[in-house]
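Each remark here refers to the structure printed beneath this line.
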Amino acid sequence: MTPKSQALELLGFEHANLKSGQVSTLDHLKGKPSLMMFFEPECPWCFKQGKAFNRLLAQCDNKVNIVAMGANADRSSLKKTLWKMHLDFDGFEAGPTMMQQVGQLPATPITLLLDEQGNLVSYLRGYIKDAQLQELLPKVLGVSCLANVG
């Protein structure tokens with residue numbers, strides 16, 4: 001993982017949308033803090049994290065962006081996994097240029113926390129429960145959501 005001190009801006013890299021196939025940057029996410037969850041096929045913890053992020057998104061009232069980034073598999077496998085996850089947010093195939101900058105993922109899920117400009121602030125490794133997310137978001141990203149998340 002890239003150290004926080006490098007202030008890596010992560011929204012300008014190009015990625016293929018796993019639903020439409022359209023290649024674009026994630027610059028449209030600027031203006032709000034973002035969570036970028038990396039997933040792989042056959043990762044049960046990724047499915048759990050996706051569900052937790054669906055609940056978080058429902059409670060955050062447009063205060064935060066969440067996006068899923070598929071990695072370490074072919075596009076077809078990532079599309080199938082995204083479809084099975086039933087996410088309430090967009091999913092992309094992580095582009096090679098960004099992956100080169102981010103480096104090898106030690107495990108999935110891994111979630112990168114980005115400020116309003118898309119700069120890497122911190123990251124979370126593994127599955128993070130709803131209560132932990134509610135506690136971390138105000139401290140790390142300055143975003144407070146409703147506390148009654150499952």
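So what is the relative contact order for the chain, in percent, with contacts set as C-alpha pairs under 8 Å and at least six apart? Walk me through the numbers before you get to the answer.
On the way: 281 pairs, mean separation 49.2, N = 150.
For the chain, the relative contact order is 33 percent.
Quickly work out the residue 129-to-residue 74 label distance, labels modelled 7 Å from Cα along the C-beta direction, and quote it in nm with one decimal.
3.9 nm
Give the carbon-plus-sulfur fraction of the accessible surface of the chain in %, rounded to a whole number; probe 1.4 Å, heavy atoms of protein chains only.
On the way: 3620 of 7540 Å².
Carbon and sulfur atoms account for 48 percent of the accessible area of the chain.
Report the dimensions of the chain along its three principal axes from the alpha-carbon atoms, largest first, rounded to Å.
Cα spread of the chain along its principal axes, largest to smallest: 37, 34, 27 Å.
What number do you get for the range 62-150 when its Cα radius of gyration is normalised by 2.2 N^0.38 Å, N = residues?
1.16
What accessible area per residue comes out for the range 1-107, rounded to a whole number of Å², with a 1.4 Å probe?
Per residue, the range 1-107 has an accessible area of 51 Å².
Taking 0.36 nm per intervening residue step and subtracting the Cα-Cα distance, what contour gain separates residue 84 from residue 144 on full extension?
Fully extending the segment from residue 84 to residue 144 adds 18.7 nm.
What is the magnitude of the charge dipole of the range 36-150 about its Cα centre, with +1 placed on the Cβ of each Lys and Arg, -1 on the Cβ of each Asp and Glu, and no other charges, expressed in debye to the nearest 20?
280 debye
The values are calculated or read from the model by the stated rules, or taken from the named source; none is laboratory data. Predicted model, so just to flag it, every value in this text is computed and none were measured. So basically every Cβ, Gly included, is an ideal-geometry build from the backbone, and we count neighbours across all protein chains shown. These area figures cover heavy atoms from the full protein model, side chains too; ligands, DNA and RNA do not enter into them. Shrake-Rupley method; radii C 1.70, N 1.55, O 1.52, S 1.80 Å.
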